[in-house]
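Peer 1: Input: one structure, supplied below.
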Amino acid sequence: MKIALMDSGIGLLAATAAVRRLRPDADLVLSLDPEGMPWGPRTPEDLTRRALAVAEAAAAHRPHALIVGCNTATVHALPALRARLEPGIPVIGTVPAIKPAAAGGGPVAIWATPATTGSPYQRGLIDAFADGVPVTEVPCWGLAEAVEHADEAAVGAAIAAAAELTPDEVTTVVLGCTHYELVAERIRAAVQQSDAPPLVLHGSAGAVAAQALRRIGEQPAPDAPAEGTLTVLLSGREGELPATALTYAEGRLLPAASPAR
């Protein structure tokens, strides 16, 4: 079994680690776009063009499924990716976990990139799934970029700025960018009120990994032999996992469990 994941940078690590934990025997293909990173500030047309190129590089390795490990790329490029690759290769997008977050009763804050915050796509998800629960959309200026570059000071500043925009009464935070899952505990610490119950965080990595297995008719097998290989594509060319990936536990998991190929 081979599963590919794509993003402009290391935001795909959370979903990659989730796949690796569910199926240690799966071969993984990570298709990144360092030459076009970041995708967020690009126009939808330009982002879609680059996403298609990254997806086609992954598709050349004949994966059984492709995960779009990026919320912004899912917002703008998922229809084009599915039109290009399906039904041969199922394409799984990454959607903010608004529905399960709202099920807890809220109030909810959605932390997302400025490009996603306030977008018709995210507003549509809120309208469809929030079910009357109060929702605050929080634009996280510079956080994805700071996580991408493993810039500790910038990560701290961006989290602090977003926390200032998050109402004190919020009980649940949706991590609406895959990069944010890599610093989830720092976000929790910044938003948690000392006199409130433990804050609930909702990421998408686990659900996306499980959906990829369902789409190809496979079941989780966390006890399978850890024999899966790791192939890294950088703007279409085979390369190494970016050094910044090893800053995060999700990145360190991969070389340990996956011989490079």
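The values are calculated or read from the model by the stated rules, or taken from the named source; none is laboratory data. As the structure is a computational prediction, the values presented were derived from the model and not from experiment. When we count neighbours, we look across all protein chains shown, and the Cβ atoms used for this are built from the backbone with ideal geometry, even at glycine. What goes into the accessible areas is simple: the full protein's heavy atoms, side chains included, and nothing from ligands, DNA or RNA. Shrake-Rupley method; radii C 1.70, N 1.55, O 1.52, S 1.80 Å.
Peer 1: Take the residues in region 12-41 that are of a type in the set (Gly, Ala, Ser) and closer than 25 Å to residue 145 by Cβ, then tell me which one is most open to solvent (accessible area, probe 1.4 Å). Please lay out each step first, then the result.
Peer 2: Of all residues in region 12-41, those of a type in the set (Gly, Ala, Ser) come to 14-15, 17-18, 26, 31, 36, 40.
Applying the additional criterion that residues be closer than 25 Å to residue 145 by Cβ yields 14-15, 17-18, 31, 36, 40.
Numbers: 14: 9, 15: 8, 17: 0, 18: 15, 31: 0, 36: 1, 40: 33 Å².
So, considering only residues that are of a type in the set (Gly, Ala, Ser) and closer than 25 Å to residue 145 by Cβ, the one most open to solvent (accessible area, probe 1.4 Å) is 40.
Peer 1: Mind telling me which of the residues 150, 184 ends up being in contact with a Leu (Cβ under 8 Å, 6 or more places away or on another chain) and of a type in the set (Gly, Ala, Ser)? Steps first, answer last, please.
Peer 2: Details: 150 fails: in contact with a Leu (Cβ under 8 Å, 6 or more places away or on another chain).
Of 150, 184, the one residue that is in contact with a Leu (Cβ under 8 Å, 6 or more places away or on another chain) and of a type in the set (Gly, Ala, Ser) is 184.
Peer 1: I want to confirm something. Restricting to region 114-133 and keeping residues that are touching a strand residue (DSSP E or B) at 6+ places or on another chain (Cβ under 7 Å) and of a type outside the set (A, V, I, L, M, F, W, C), which single residue is nearest to residue 204 (Cα to Cα)?
Peer 2: Filtering region 114-133 for residues that are touching a strand residue (DSSP E or B) at 6+ places or on another chain (Cβ under 7 Å) and of a type outside the set (A, V, I, L, M, F, W, C), the one nearest to residue 204 (Cα to Cα) comes out as 122.
Peer 1: Inside region 202-221, can you point out the residues that are in contact with a helix residue (DSSP H, G or I) (Cβ under 6 Å, 6 or more places away or on another chain) and under 15 Å from residue 16 (Cβ atoms)?
Peer 2: Once the filter is applied, which keeps residues that are in contact with a helix residue (DSSP H, G or I) (Cβ under 6 Å, 6 or more places away or on another chain) and under 15 Å from residue 16 (Cβ atoms), region 202-221 yields 203, 205, 206, 208, 209.
Peer 1: Continuing with the same structure: Looking at region 84-124 only, could you name the residues that are surrounded by fewer than 22 Cβ atoms within 10 Å (Cβ to Cβ) and closer than 21 Å to residue 210 by Cβ?
Peer 2: Matches in region 84-124: 85, 86, 87, 89, 90, 93, 95, 99, 100, 103, 104.
To keep it simple, each residue is scored yes or no on (1) touching a His at 6+ places or on another chain (Cβ under 7 Å); (2) surrounded by fewer than 16 Cβ atoms within 10 Å (Cβ to Cβ); (3) under 13 Å from residue 190 (Cβ atoms); (4) touching a residue at least 24 places away in the same chain (Cβ under 8 Å).
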| site | (1), (2), (3), (4) |
| --- | --- |
| 134 | no, yes, no, yes |
| 140 | no, no, yes, yes |
| 144 | yes, no, no, yes |
| 152 | no, yes, no, no |
| 155 | no, no, yes, yes |
| 161 | no, no, yes, no |
| 164 | no, yes, yes, no |
| 172 | yes, no, no, yes |
| 176 | no, no, no, yes |
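Peer 1: Also: Would you mind telling me which numbered condition in (1) over 27 Å from residue 249 (Cα atoms); (2) hydrophobic (A, V, I, L, M, F, W, C); (3) out of contact with any strand residue (DSSP E or B) (no Cβ under 7 Å at 6 or more places or on another chain) residue 153 fails?
Peer 2: (1)
Peer 1: Let me ask something else about it. Considering only region 197-261, give the strands (runs of 3 or more DSSP E) lying wholly within it that have at least 2 residues that are touching a Gly at 6+ places or on another chain (Cβ under 8 Å).
Peer 2: 230-234
Peer 1: When you scan region 74-131, how many residues do you find that are in contact (Cβ under 8 Å) with a residue 40 or more places away in the chain and among the aromatic types (Phe, Trp, Tyr)?
Peer 2: 2
Peer 1: Next question, about the same structure. Which of the residues belonging to region 65-83 are within 19 Å of the chain's Cα centre (by Cα), farther than 20 Å from residue 115 by Cβ and open to solvent by 60 Å² or more (accessible area, probe 1.4 Å)?
Peer 2: 82
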